[in-house]
Amino acid sequence: MKITDNIKYVGVYDTKIDLFESQYQVPFGVTYNSYVILDDKTAVLDTVSTDFFDEWIKNVKDELCGRSPDYLIVHHMEPDHSANIARFIDVFPDVRVVSSAKAFAMMKNFFGKDLAVGGITVKDGDKLSLGSHTLTFIAAPMVHWPEVMVSYEESTKTLFSADGFGTFGKNELTDNWADEARRYYIGIVGKYGAQVQSLLKKASMLDISRICSLHGPILTENIEYYVSLYDTWSSYKYEEEGVLIAYTSVYGNTKAAALLLDAELRALGVKTAIYDLSRADMSKAISDAFKYSAIALATTTYNADIFPPMRTFIHGLCERNFSSRKVGIIENGSWAPMANKVIRGLLDGCRNLTFAESCVKINSALSEENKTEIKNLAKELS
Ligand code: FEO
């Protein structure tokens, strides 16, 4: 597939994968993107996941039209992109691998070979000329592993962004790019906002007209829009005013409270999203918690703790530096309700959370008093 006259797409589309990284549901699959640059010298940019070697190497050979690759650029060593490095070298023994020092150390661990010998180790700011194309390497540690670098090709104003700006699904732009890209970003890189901010600062010095990431579509228009979303996500600001309601419910009473809160909020004109954490895609619930300005957590007391999916959800927020949001709590307990206390304890390390004063304490089933409390909570969160 042609990206420019001399930059070609040679990636693959994995539609068989059940869970990305063994945890993220990907109903529309995921792509492992790889690129070829044809110039006086030729470069292949990243490989693909292990099962796709045959399809990928055919794509590469088709684009090379009989030429041998001079360089294999390795931006990121996670195996969805790096698994075929050793096999590629078996096919093209004269190729020189170009990567960061940390990546070469990882190659030794993965493949048992020191590929830095005969390769080219690059650091932040180094350039590699292919002829009319020149790649400038930019260190991007923890976006998403420590060895990551991205590269900028000057003549075409193309940023090869590694995992950055990636998303699940095919490599065609769809209307839900932001939802899936947020789910991907928050799930995979969300913990490393400071490092993403640092990369965005470096990227702001570049004139970018095209972003080629390692997953999903190539971005060619409204680059500012995508960069601005990444700025919002990585600085932990909310994207929209609204409330994410996450609940767990064993016999339906806590669910009734969550649904009532949802109705009260909507009556106030507040946008909501509501998730039954026992049944929902956890990564979507976590992603929406970062999207909206407030969250409401409704859960049962369970073994003197909280119901397990709620604990998993809150852990998912905390490990991704959830911060600067309003929080409402609805607790339920038939003899010793303590979910409120447990939730507050779990969220204790999150910065700049504002807890609603309206406390909803359900003893088994919604009382008339609870209904008034929920109405008050809705007003506070709106
Ligand atoms: Fe798509 Fe961090 O690998």
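No lab work stands behind these numbers, since they all come straight from the coordinates. These numbers were taken from a predicted model, which means no experiment stands behind them.
Identify which of Arg182, Arg67, Arg325 has the largest mean-square fluctuation in a Gaussian network model of the chain, with springs joining Cα atoms closer than 10 Å.
Highest fluctuation among the options: Arg67.
Mind jotting down a quarter of the surface of the convex hull over the alpha carbons of the stretch 266-382, in square nanometres, one decimal?
7.0 nm²
Using helices alone, what [θ] at 222 nm do you get for the chain, with -39,500 (n - 2.57) per DSSP H run of 4 or more residues, divided over all residues and rounded to the nearest 500?
-10000 deg cm²/dmol
Select from Lys191, Lys284, Lys202 the residue whose mean-square fluctuation is largest in a Gaussian network model of the chain (Cα-Cα springs shorter than 10 Å).
Of Lys191, Lys284, Lys202, the most mobile in the Gaussian network model is Lys202.
Between Phe355 and residues 5 or more places away or on another chain, which pairs have amide H atoms under 5 Å apart, with H built 1.01 Å from N, and which residues are they?
Result for Phe355 returns Val327.
By how many degrees, 0 to 90 and rounded to 10, does the Cα axis of helix 253-267 deviate from the longest principal axis of the chain?
80 degrees
Decide, for the stretch 92-139, between rounded, prolate and oblate: order the square roots of the alpha carbon gyration tensor eigenvalues as a ≥ b ≥ c, take rounded if a/c falls under 1.5, and otherwise choose prolate if a/b is larger than b/c, else oblate.
Since a/c reaches 1.5 but b/c is at least a/b, the shape of the stretch 92-139 is classed as oblate.
Let me know the Rg and Dmax you get for the stretch 107-260 when you use only its Cα atoms, in Å.
Rg and Dmax of the stretch 107-260, Cα atoms, are 19.3, 68 Å.
What number, in percent, do you get for the relative contact order of the chain if the mean sequence gap of Cα pairs under 8 Å and at least 6 apart is divided by its residue count?
11 percent
Which residues' amide hydrogens lie under 5 Å from the amide hydrogen of Val98, considering only partners 5 or more residues apart or on another chain, with H built in the peptide plane?
Here the answer is Leu72, Ile73, Val74, Ile120, since their amide H atoms fall under 5 Å of that of Val98.
Hand me the tally of lysine pairs in the stretch 58-179: alpha carbons under 22 angstrom apart, and the pair either on different chains or 8 or more positions apart.
Qualifying lysine pairs in the stretch 58-179: 8.
Translational D (Stokes-Einstein, µm²/s) of the chain at 37 °C and 0.692 mPa s when Rh comes from the Kirkwood sum over C-alpha pairs?
This corresponds to a translational diffusion coefficient of 146 µm²/s.
Per 10 Å bin from zero, what fraction in whole % of the C-alpha pairs of the stretch 217-332 is there, up to the bin with the longest pair?
Per 10 Å bin, starting at 0, the Cα pair percentages come out as 13, 43, 30, 11, 3, 0.
Taking the inverse of the average 1/r across all pairs of different Cα atoms in the stretch 21-173, what Kirkwood radius in Å do you get?
15.8 Å
Quick one: angle between helix 308-318 and the longest Cα principal axis of the chain, in degrees between 0 and 90, rounded to 10, please.
60 degrees
For the chain, modelled as a GNM with alpha-carbon contacts under 10 angstrom, which of Asp70, Asp276, Asp175 fluctuates the most?
Greatest mean-square fluctuation among the candidates belongs to Asp175.
Calculate how steeply helix 282-291 sits against the longest principal axis of the alpha-carbon atoms of the chain, using the helix alpha-carbon long axis, and give the answer as 0 to 90 degrees to the nearest 10.
Helix 282-291 sits roughly 80 degrees off the main axis of the chain.
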